[in-house]
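The values are calculated or read from the model by the stated rules, or taken from the named source; none is laboratory data. From a predicted model like this one, the values you see are computed outputs, not experimental measurements. Cβ atoms come from the backbone with ideal geometry, glycine included; neighbour counts cover every protein chain shown. Please note that ligands, DNA and RNA were not included when accessible areas were found on the heavy atoms of the full protein model with its side chains. Shrake-Rupley method; radii C 1.70, N 1.55, O 1.52, S 1.80 Å.
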Amino acid sequence: MRLPDKVVERALLLLALSSVAVLASIAFFIVREGAPLIYRVGLSNFFSTDWHPTAGRFGILFMLVGSLAVTVGALALGVPLGISCAIVLGEMAPPRARRILKPAIEILAGIPSVVYGFMGIVVVLPWIREHLGGPGASGLAAAVILGIMILPTIIAISLDALEAVPMSYRDGSLAMGATEWQTVRRVVLPAARSGIVAAVILGTGRAVGETMAVVMVAGNAVQLPHSPLDPLRTLTANLALEMGYATGDHRAALFATGIVLFLIVLSLNGAAGLARRRRRPRPRPRRTASVAGVPASERIPPSPVSDP
Amino acid sequence: MADVPRAAKLRTDGLNVHYGDFHALKNVTAVIGERRLTALIGPSGCGKSTFLRVFNRMNDRVAGCRVEGIVELDGQPLYRRGVDIEALRRQVGMVFQRPNPFPLSIFENVVFGPRIHALAAGAELEAVAERCLGAVGLWDDLKDRLDDSALTITPEQMQRLCIARAIAVEPDVLLMDEPCSSLDPIATLRIESLMRELSHRYTILVVTHNMQQAARISDDTGFLLLGELVELGPTATVFTRPRDRRTEDYVTGGFG
């Protein structure tokens, strides 16, 4: 018997909507559990440095700083590595090398985060302890592990962006006598820029959200890290460590932390979506007078870049 | 009419090109005259584009492509170890079938070549842009929009921009692969007259599927059939008194 298209269409739509419903209910429950506490203690207390849940003081600032610090560190490692990897895979590697490297990177994405954490404990922590000092368990260790963990995301999405660049751009550039590298740098990367920005943003989201591996290597001390070698605690680690025994306001405070994480990840994903949709060439950095005879000194100077 | 003696810009002798097992060009011997506009005609798949791309070695990009025989630019062999392909492509520019401006600003498109070959910098680039956009008849239309994306202009303007980009490095030869095939008839006529103008300064080799176009614009015409260069001579001769029966059949619409 053949199902009418309309029925199939409706059924599929319903299933598709269910994922939206799950997202909506997650948002609803964490807000319901966490928002009243933020309202009660006030934003300034909630974003203070004072985290003493047993004493009813719920300031998450140190954890927020910890999350930001390891994320920035992870990006510093993962972005250059990931984008270079995507360029090699997409533009330079011979097909045979690609056939080996691409699945390898996909496997990297499939390794459970606890395994990354384990590798961190047996490889990264001793190395830091011996060569750089400190306890080993630190923001730096978390950043290194996270930097590797976000590679598959950054590589896969950057690679998609590079592959979406029409071959005619490359042909045009090479036919002008550009080298392969000039073609990549001056034509392919600008053309793929929005997709690569999206890749970085999604990698950021993954770094902010990762929990298990970070708990295992970051040391988890609630404090302001003064150096990359100091232990720190991230928002996600705090949730994972304390949710098991938290009750009452403490539990509500952890849900409130969840709201913060949810907002960060949601806005990062939104930003990634925007970046992917926008396809505009970079404006010329310095547009001087269009008349060719005017000496450079009489031309309009470039507008100073204002720091935000 | 005897062939007019002229300086050979490009020359092939016993040129064979294979794509894997496919024999794309068979024993092609040809002389392309300097500062002449040579049109290549023939049915689809006859090897016109392959022949064109022999001269800037863009065939190197195709996996499994083999080029044998003599290919020369100004008497210098192009397929020898140690040939500087980037320098060759600077000397032999190319315009593609579909306009392919880069997704950069109009200005950056024009100065792309001068930038990568370090021919000009700073304010000189502005002069290059004005000169080249002027040469293709775009300066007046686009001089106030130089920072706009090159993807915002009309297809005809895009193709003109691609020509401007190609001549910005002052090449000797322009290869054009059906440059009008994605344009409307009026734009086609205008690009054709631009090609005529440019042929006074450049050696132009143009592939076209349009015999009327070849007859309208070219000094010389070459007819390719199944990988063979059947005939190459002054356009008037090829169209009115072809030497080969197959050419006659083709230009009179006998087949193809």
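Among the candidates B:Ala168, B:Ala118, B:Ala127, which residue alone is closer than 27 Å to B:Met58 by Cα, of a type outside the set (Phe, Trp, Tyr), open to solvent by 30 Å² or more (accessible area, probe 1.4 Å) and within 14 Å of chain A (Cβ to nearest Cβ)?
B:Ala118
Say we look at region B:26-50 and pick out the residues that are β-branched (Val, Ile, Thr) and part of a strand (DSSP E or B); which of these is surrounded by the fewest Cβ atoms within 10 Å (Cβ to Cβ)?
B:Thr29
Residues in region B:130-150 that are buried (at least 20 other Cβ atoms within 10 Å of the Cβ), more than 8 Å from chain A (Cβ to nearest Cβ) and either modelled with pLDDT of 95 or more or in contact with a Lys or Arg (Cβ under 8 Å, 6 or more places away or on another chain) (or both): how many?
4
Would you check if B:Cys162 is under 20 Å from A:Ser168 (Cα atoms), open to solvent by less than 50 Å² (accessible area, probe 1.4 Å) and at pLDDT 95 or above?
Spelling it out, B:Cys162 is indeed under 20 Å from A:Ser168 (Cα atoms), open to solvent by less than 50 Å² (accessible area, probe 1.4 Å) and at pLDDT 95 or above.
Among the numbered criteria (1) of a type outside the set (A, V, I, L, M); (2) open to solvent by 30 Å² or more (accessible area, probe 1.4 Å); (3) closer than 26 Å to B:Ala7 by Cα; (4) assigned to a helix (DSSP H, G or I), which single criterion is violated by B:His200?
(4)
Which one of A:Leu202, A:Leu241 is without any contact (Cβ under 8 Å) to a residue 40 or more places away in the chain and either in a helix (DSSP H, G or I) or not basic (Lys, Arg) (or both)?
A:Leu241
Sort through A:Ser194, A:Ser173, A:Ser168 and tell me the only one that's assigned to a helix (DSSP H, G or I), within 17 Å of the chain's Cα centre (by Cα) and under 30 Å from B:Pro114 (Cα atoms).
A:Ser194
Any residue that is within 14 Å of chain B (Cβ to nearest Cβ) and surrounded by fewer than 19 Cβ atoms within 10 Å (Cβ to Cβ) - is there at least one of those in region A:246-261?
No, because not a single residue in region A:246-261 is within 14 Å of chain B (Cβ to nearest Cβ) and surrounded by fewer than 19 Cβ atoms within 10 Å (Cβ to Cβ).
Got a number for residues in region A:143-165 being away from every other protein chain (no Cβ under 13 Å) and part of a loop (DSSP other than H, G, I, E, B)?
Of the residues in that region, 1 qualify.
Does region A:176-191 hold any residues that are among the hydroxyl-bearing types (Ser, Thr, Tyr) and outside any helix (DSSP H, G or I), and which are they?
Result: A:Thr179, single match.
Could you please let me know if B:Ile153 is more than 7 Å from chain A (Cβ to nearest Cβ), out of contact with any Asp or Glu (no Cβ under 8 Å at 6 or more places or on another chain) and buried (at least 17 other Cβ atoms within 10 Å of the Cβ)?
yes
Which count do you get for residues in region B:99-135 that are in contact (Cβ under 8 Å) with a residue 60 or more places away in the chain and of a type in the set (S, T, N, Q)?
1
Where the second residue is part of a helix (DSSP H, G or I) and open to solvent by 80 Å² or more (accessible area, probe 1.4 Å) and the first is within 30 Å of A:Leu263 (Cα to Cα) and lies in region A:1-30, which pairs have Cβ atoms under 9 Å and are six or more apart or on separate chains?
Going by the 9 Å Cβ cut-off, the qualifying pairs are A:Ala27/A:Leu266.
Here's the yes/no breakdown for (1) facing chain A (nearest Cβ under 10 Å); (2) not polar (S, T, N, Q):
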position	(1), (2)
B:Gly45	no, yes
B:Lys48	no, yes
B:Asn59	no, no
B:Ala63	yes, yes
B:Gly75	no, yes
B:Ile85	yes, yes
B:Gln91	yes, no
B:Val111	yes, yes
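Let me spell it out: the conditions are (1) over 18 Å from B:Pro103 (Cβ atoms); (2) within 14 Å of chain B (Cβ to nearest Cβ), and A:Tyr169 meets all of them except one. Which number is the exception?
Failed condition: (1).
Spot the failing condition for B:Ser181; the list is (1) within 19 Å of B:Gly93 (Cβ to Cβ); (2) of a type outside the set (D, E, K, R); (3) touching a helix residue (DSSP H, G or I) at 6+ places or on another chain (Cβ under 9 Å); (4) surrounded by 18 or more Cβ atoms within 10 Å (Cβ to Cβ), and only one is missed.
B:Ser181 satisfies all of (1) within 19 Å of B:Gly93 (Cβ to Cβ); (2) of a type outside the set (D, E, K, R); (3) touching a helix residue (DSSP H, G or I) at 6+ places or on another chain (Cβ under 9 Å); (4) surrounded by 18 or more Cβ atoms within 10 Å (Cβ to Cβ) except (4).
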